[in-house]
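Just below is one structure, and these are the notes that go with it.
The values are calculated or read from the model by the stated rules, or taken from the named source; none is laboratory data. Quick caveat: nothing in here was measured; it's all calculated off a predicted structure. Cβ atoms come from the backbone with ideal geometry, glycine included; neighbour counts cover every protein chain shown.
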Amino acid sequence: MSQHKNPKRNRNRRKRRRFDNSNDAKSENKVNQKSIERAISRFSQNPLPMGIPPQISPPPMEINIDWNTNSVPKNIQKRVGEIVCRPGEFGFLPEDRVQEIAEEIAEFPISLEQALSLRGALNQEKSVYSHHRLMRRSNELNRRYNSGESVISLSKRFDAPPVNTFRAILTGRGWSKNKIKESLKSPSRLNSRDLEEFEKAEDMDRVSAVNQTETQNAAGIFEEALFKYFGSIGVRFRRQEELWEEQSRDEGRAILTPDLLFLDDLR
């Protein structure tokens, strides 16, 4: 039997969605405004936020800068995300794949650099949300691996980073977290097949790979560029290393260590 749709019910549903979206936007704006007010008043708070010295000489100055932004609407992010993210694709992209992405996003108001940055953020998100799912199915992953399926194939099947997939396989064997950690730090301990599969997984994974040297180097270059820029316009700040040393000495451990903490009122 065919069911007749109720136009009135559909209209009410659309109204509720619009109302819910409006409430979400208002709530987000309220949170943003509170964050702005808290940031502006940080130098007059009692006690001062962690990392801000009790005496700043000369006192914090208000410095206004123009920072050009090119934001991407959420609906565009969603559509482009479907283009730049493929199941099991978590590694560095070959040039032909980058060119393919560039051609496919040409009609959207987003640059190639933004699209690749979006890909990195979405892959990080997938890595977080897939972790518990992988662990729940670690026994199944181990069985499939023992039956001859590769780590890369399983990574694509479960749409999870290859190295995390390999960790789940080892968990399915009954290995402890510490044994997995130590074995992947010194992979020569692995048997020949495991070593080969692990090396392939590392090559295809820039999200959960054990060796994060390239990612850390890129982040370091970006941080230095920020330090150089803010220093050139007279903005004072503290670096992460300084905060880490101070908190380790005073608190026994590092607690809040942003890459840079502004000592001027930057707006």
Quiz item: Restricting attention to the stretch 134-155, and to residues there that are polar (S, T, N, Q) and part of a helix (DSSP H, G or I), which single residue is nearest to Gly88 (Cα to Cα)?
Solution: Ser155
Quiz item: Across the stretch 168-185, what is the total count of residues that are touching a residue at least 24 places away in the same chain (Cβ under 8 Å) and of a type in the set (Lys, Arg)?
Solution: 2
Quiz prompt | Total residues in the stretch 223-256, condition surrounded by 11 or more Cβ atoms within 10 Å (Cβ to Cβ), free of Cβ contacts under 8 Å to residues at least 24 places away in the same chain and of a type outside the set (D, E, K, R) | solution = 6
Exercise. Within the stretch 96-132, track down each residue that is within 30 Å of Gly172 (Cβ to Cβ) and either touching a residue at least 24 places away in the same chain (Cβ under 8 Å) or of a type in the set (Gly, Ala, Ser) (or both).
Key: Arg119, Gly120, Ala121, Leu122, Asn123, Gln124, Lys126, Ser127, Ser130, His131
Exercise. Answer yes if at least one residue in the stretch 111-133 is under 28 Å from Glu214 (Cβ atoms), of a type in the set (Ser, Thr, Tyr) and not in a helix (DSSP H, G or I), and no otherwise.
Key: yes
Quiz item: Which residues, taken from the stretch 57-103, are charged (D, E, K, R) and part of a strand (DSSP E or B)?
Solution: Glu62
Quiz item: How many residues are closer than 30 Å to Asp205 by Cβ and in contact (Cβ under 8 Å) with a residue 40 or more places away in the chain when one looks only at the stretch 56-87?
Solution: 6
Quiz item: Would it be correct to say that Ser188 is farther than 25 Å from Glu214 by Cα, assigned by TED's automatic domain parsing to the domain that holds Val80, out of contact with any strand residue (DSSP E or B) (no Cβ under 8 Å at 6 or more places or on another chain) and surrounded by fewer than 17 Cβ atoms within 10 Å (Cβ to Cβ)?
Solution: no
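How about the stretch 187-223: which of its residues are part of a helix (DSSP H, G or I), charged (D, E, K, R) and under 20 Å from the mean Cα position of the chain (by Cα)?
So in the stretch 187-223, the residues part of a helix (DSSP H, G or I) come out as 187-189, 192-203, 213-223.
So of that shortlist, the ones also charged (D, E, K, R) come out as 189, 193-194, 196-197, 199-200, 202-203, 214, 223.
Those that are part of a helix (DSSP H, G or I), charged (D, E, K, R) and under 20 Å from the mean Cα position of the chain (by Cα): Glu202, Asp203, Glu214, Glu223.
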Self-check item: Count - residues of the stretch 45-90 that are modelled with pLDDT under 90 and either in contact with a His (Cβ under 6 Å, 6 or more places away or on another chain) or among the acidic types (Asp, Glu) (or both)
Solution: 1
Exercise. Scan the stretch 200-222 residue by residue and report those that are surrounded by 13 or more Cβ atoms within 10 Å (Cβ to Cβ) and among the charged types (D, E, K, R).
Key: Lys200, Glu202, Asp203, Asp205, Arg206
